[in-house]
Amino acid sequence: RNGGHAFAYITWTDSITIQANVDSVDITTIPFADFSINGDIYGEVSGRWHHNLTDNVGFLDIFAEGRYEPFDLQGRIQARQNGDTIFIDNIHAIQDKNMVEAEAIFVLPNDSNPDFKPTGYLPVQVQHAWASAKNFSIPILLESLNDSTLSSGMITGDIAYENGHGMLGNIDITNIGLRKISKDLIDINKLSIFAEGDKVEAQIKLGWQVNT
């Protein structure tokens, strides 16, 4: 339908296995995709999904591109499940020239797991998480929101979380320019944010030079 194709089949022996492959399928035509944000998503998806329902073991490798209002996006996700543990091996998301990579490991709620403890306000227990961006343009991101507050600004850095140890990483926001305010009044050269454990620090480097 709509130029793409897909197939799925179920194997029922001593266990139940589902396997599905999709190639350039319109997201809005995918069965069970009628969730609350579906009306704001347009585009195509390709990839494969394999899951053993009996043992709760499986994997997926999905590539999608399209529009999630108001952003034009493309991305790939590779993930695995082993019992109640989900491994997000890689998320690669692109918006215009901006790119973000991420990975994570988390545990799903399970009444038979006495060690399960949700992380913060999340319904899952995060064991590991990591995200990274390089030369991520803030004005390009805001442009899709019709926000022209910043004339320049780049984000570079990475941040990680480890269960039991907290956060670790640093993010630099450089060349911050406000469109309606001259740099003679406000010149922020760099805003650095550093996180370790439960501690978060921020440093601002101003670009003014004082002549004597």
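The values are calculated or read from the model by the stated rules, or taken from the named source; none is laboratory data. A quick note: this is a predicted structure, and the numbers were derived from the prediction, not measured. Every residue, glycine as well, gets a Cβ built from its backbone with ideal geometry; the counts of neighbours run over all protein chains shown. Only protein heavy atoms, including side chains, enter the accessible area calculation; ligands, DNA and RNA are left aside. Shrake-Rupley method; radii C 1.70, N 1.55, O 1.52, S 1.80 Å.
Among the residues making up region 41-78, those that are under 18 Å from Leu108 (Cβ atoms) and of a type outside the set (S, T, N, Q) are Trp49, His51, Leu53, Asp55, Val57, Gly58, Phe59, Leu60, Ile77. Return the residue satisfying two criteria in turn: it lies in region 86-99 and is part of a strand (DSSP E or B) and touching a residue at least 40 places away in the same chain (Cβ under 8 Å), and of such residues it is farthest from Ala160 (Cα to Cα). The extreme case among them is Gln95. Under the condition of being of a type in the set (Asp, Glu) and in a strand (DSSP E or B), the residues counted in region 116-158 number 1. The residues in region 87-124 that are touching a helix residue (DSSP H, G or I) at 6+ places or on another chain (Cβ under 8 Å) and on the phi < 0 side of the Ramachandran plot can be counted, and the count is 3. Entry remark, region 158-183: residues being within 21 Å of Val107 (Cα to Cα), exposed (fewer than 15 other Cβ atoms within 10 Å of the Cβ) and either within 17 Å of the chain's Cα centre (by Cα) or basic (Lys, Arg) (or both) number 0 in total. Any residue in region 139-149 that is within 19 Å of Asn90 (Cα to Cα) and under 19 Å from the mean Cα position of the chain (by Cα)? No, there is no match, as no residue in region 139-149 is within 19 Å of Asn90 (Cα to Cα) and under 19 Å from the mean Cα position of the chain (by Cα).
Scanning region 87-108 for residues that are open to solvent by 70 Å² or more (accessible area, probe 1.4 Å) and under 22 Å from Leu60 (Cα atoms) returns a single hit, Met99. Could you list all residues from region 109-157 that are surrounded by 14 or more Cβ atoms within 10 Å (Cβ to Cβ) and aromatic (Phe, Trp, Tyr)? Selection gives Phe116, Trp130, Phe136. In this structure, Ile41 does satisfy being surrounded by 15 or more Cβ atoms within 10 Å (Cβ to Cβ), touching a strand residue (DSSP E or B) at 6+ places or on another chain (Cβ under 9 Å) and modelled with pLDDT under 90. Among the residues of region 51-77, those identified as part of a strand (DSSP E or B) and out of contact with any Gly (no Cβ under 9 Å at 6 or more places or on another chain) are Gly58, Phe59, Phe71, Gly75.
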